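Participant: Take this structure, written in structure tokens, and hold onto it; I'll ask about it next.
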Amino acid sequence: MPQNSTADQVRNTLDRWLTAFNEKDADTLFSLYDPDTVYANAGAARMEGVDGLKPWYEEVLKDSSLRVYFKEETLFDSEDLALIAGKFHFRNHSADGSFTPGPAGRVAVLFRRSPDGQWKLAYDMDNTPPDVSAADFA
């Protein structure tokens, strides 16, 4: 696979999102979203646009112990759209290095190439199926 392929660029954007979430860097996190993003996750109401996401994420990011982990299962890409699907898992980490497992499930994230060539999160949907658990991340 050539370096800087669409798949590499999209994976890089997702990696930056995961890092921003885990480091509680809201500015970077929000910069990775398409202005017209849609967020439709299990346990949360559908949200539209970056401004629609901000209150929810600002509340979630207050929990400094919360981390999210991701394992890719599928990636589809084209010239201006790409979708990454995989497993996710949340953990609450303690100062002593231990953690408490949290929710786990699957997520499909659609990315759209912006006019300046950057990949932005355009649609995020997850679920919590019975075949994904914290044990998948051991």
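The values are calculated or read from the model by the stated rules, or taken from the named source; none is laboratory data. Just so you know, these numbers come straight off a predicted model, no measurement behind them. Side chains included, ligands, DNA and RNA excluded: accessible areas come from the protein's heavy atoms. Shrake-Rupley method; radii C 1.70, N 1.55, O 1.52, S 1.80 Å.
Participant: Rounded to the nearest 10 Å², what accessible area does Thr74 show when all protein chains are kept and the probe is 1.4 Å?
Facilitator: Counting only protein heavy atoms, Thr74 exposes about 50 Å² to solvent.
Participant: Under a straight-distance cross-link criterion of Cα-Cα below 19 Å, which lysines are reachable from Lys120, leaving out those fewer than 8 residues away in the same chain?
Facilitator: Lys24, Lys54
Participant: Shape of the range 43-102 from its Cα gyration tensor (a ≥ b ≥ c, root eigenvalues): rounded if a/c is under 1.5, otherwise prolate when a/b > b/c, or oblate?
Facilitator: Verdict is oblate for the range 43-102.
Participant: Solvent-accessible area per residue for the range 1-62 at a 1.4 Å probe radius, Å²?
Facilitator: Value returned for the range 1-62: 55 Å² of accessible area per residue.
Participant: Right, something else. Which value at 222 nm does the chain reach when only helices count, each DSSP H run of 4 or more adding -39,500 (n - 2.57), with the total divided by all residues and rounded to the nearest 500 deg cm²/dmol?
Facilitator: Mean residue ellipticity at 222 nm (helix-derived): -8000 deg cm²/dmol.
Participant: I would also like to ask the following. Can you match Rg and Dmax of the Cα atoms in Å to one of these, [x] 14.9, 45; [y] 17.9, 53; [z] 15.1, 53, based on a calculation from the structure here?
Facilitator: [x]
Participant: Expressed as a whole percentage, what fraction of the accessible surface of the chain belongs to carbon and sulfur atoms when a 1.4 Å probe is rolled over the protein heavy atoms?
Facilitator: 51 percent
Participant: How much accessible area per residue does the range 65-138 have, counting only protein heavy atoms and a probe of 1.4 Å, in square angstrom?
Facilitator: Per-residue value: 54 Å².
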